[in-house]
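The values are calculated or read from the model by the stated rules, or taken from the named source; none is laboratory data. Values in this document were obtained by computation on a predicted structure and should not be read as measured data. Because the Cβ atoms are built from the backbone with ideal geometry, glycine has one as well, and the counts that use them run over all protein chains shown. Side chains are part of the model used for accessible areas, which takes the heavy atoms of the whole protein and leaves out ligands, DNA and RNA. Shrake-Rupley method; radii C 1.70, N 1.55, O 1.52, S 1.80 Å.
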Amino acid sequence: MSNQTANPLAKYFRQPAIHLSLPSQGRYWPNGSLEMTMSNQIEVYPMTTKDEITIRTPDALMNGAGMISLFQSCCPQIKDAWKMPNIDVDAVLIAIRIASYGHTLEIGTTCVSCGHEAEYGLDLRSVIDQIRSPDYSKFVNSGDLVISFKPMTYKDQSATGQLQFEEQRILQTIPNPDITEQDKVKLLGEMMKKIT
């Protein structure tokens, strides 16, 4: 393409800020859900204003859709974030944070003894370097039973989180004196069905 027809704003387009090596190294991702570079990394872009708004929307965060939108916007090589192994979730979130705001996370603390307040900078690059993937290739044999392991997907993790939220909500209503004993038993029964 010649310089005359090139977009003059192209240098201002969003560019990848970092390249991330996933803890899973791309294993456990179903075919078509991830496209890795030749160096087995993914590009991570800074968040857009739309991404910032999305992650501040409680409903989108509750059902997981907000995080999926964030993952796929900031990491375009992730084609189906619902299928992301949970061992990669923290690394991707930290990488998006680094790409958007820099590698230092300021943490404020207050001493419980004297009340002195202090700020510390945590280098997120060292945090991301410490994330390791467990070895899921090993099997557990018990007689005729062979147990294999695999990481949960983000979809599974999100569904589990929603279920836990529902359980906590039900447990908070049980001590309520306005609810009859029959309704309490019914709520507990429903909760036990979900758990089972």
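Give me the number: length gained by fully extending K193 to V112, i.e. 0.36 nm times residue separation minus the C-alpha to C-alpha distance, one decimal in nm. It would help to have the intermediate numbers written out before the result.
Working: separation 81, 0.36 × 81 = 29.16 nm, distance 4.35 nm.
Fully extending the segment from K193 to V112 adds 24.8 nm.
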Point to revise | Stokes-Einstein D in µm²/s, Kirkwood radius over Cα pairs - the chain at 20 °C with 1.002 mPa s viscosity | key: 104
Study note, to complete from the structure: Non-local residues with an amide H under 5 Å from the amide H of Q77, with H modelled 1.01 Å from N and Pro and chain starts lacking one, are E43
Study note, to complete from the structure: FRET efficiency for V127 and K186 from the Cβ-Cβ distance with R0 = 35 Å, rounded to 0.05, comes out at 0.20
Point to revise | Potential extension, H19-L105 segment - 0.36 nm per residue separation minus Cα distance | key: 29.1 nm
Review point. Hey, what do the phi angles of segment 89-98 turn into as Karplus ³J(HN,Hα) couplings, whole Hz, using 6.51/-1.76/1.60 and θ = phi - 60°, x for Gly and Pro?
Key: 4, 4, 4, 5, 4, 5, 5, 5, 4, 5
Check your understanding: Which distance in Å, rounded to a whole number, links the C-alpha centroids of segment 88-116 and segment 13-80?
Key -> 19
Review point. At a 1.4 Å probe, what is the % contribution of carbon and sulfur to the accessible area of the chain?
Key: 54
Check your understanding: Of the cross-linked pairs K50/K79; K50/K155; K83/K186; K79/K193; K155/K193; K50/K150, which ones have a Cα-Cα span greater than 25 Å in the structure shown?
Key -> K83/K186; K79/K193; K50/K150
Check your understanding: How large is ³J(HN,Hα) for each residue in segment 27-36, as worked out from phi by the Karplus curve 6.51 cos²θ - 1.76 cosθ + 1.60 (θ = phi - 60°), to whole Hz, x for Gly and Pro?
Key -> 6, 6, 8, x, 4, x, 8, 8, 10, 9
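Rounded to the nearest whole Å³, what is the per residue volume of the convex hull around the Cα atoms of segment 115-196? Let's see the in-between values first.
Working: hull volume 20.0 nm³, N = 82.
Looking at segment 115-196, the number lands at 244 Å³ per residue.
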Review point. So what are the ³J(HN,Hα) numbers for segment 40-45, from phi and the Karplus equation (6.51, -1.76, 1.60; θ = phi - 60°), rounded to whole Hz, Gly and Pro as x?
Key: 6, 10, 10, 7, 10, 9
Review point. If M192, M47, M152 are ordered by their accessible area, calculated over protein heavy atoms with a 1.4 Å probe, which sequence runs from highest to lowest?
Key: M192, M152, M47
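Calculate, for the chain, the solvent-accessible area per residue in square angstrom, rolling a 1.4 angstrom probe over the heavy atoms of the protein chains.
With the other protein chains kept in place, the chain gives 68 Å² per residue.
Please give the per residue volume of the convex hull enclosing the alpha carbon atoms of segment 1-110, rounded to a whole number of Å³.
159
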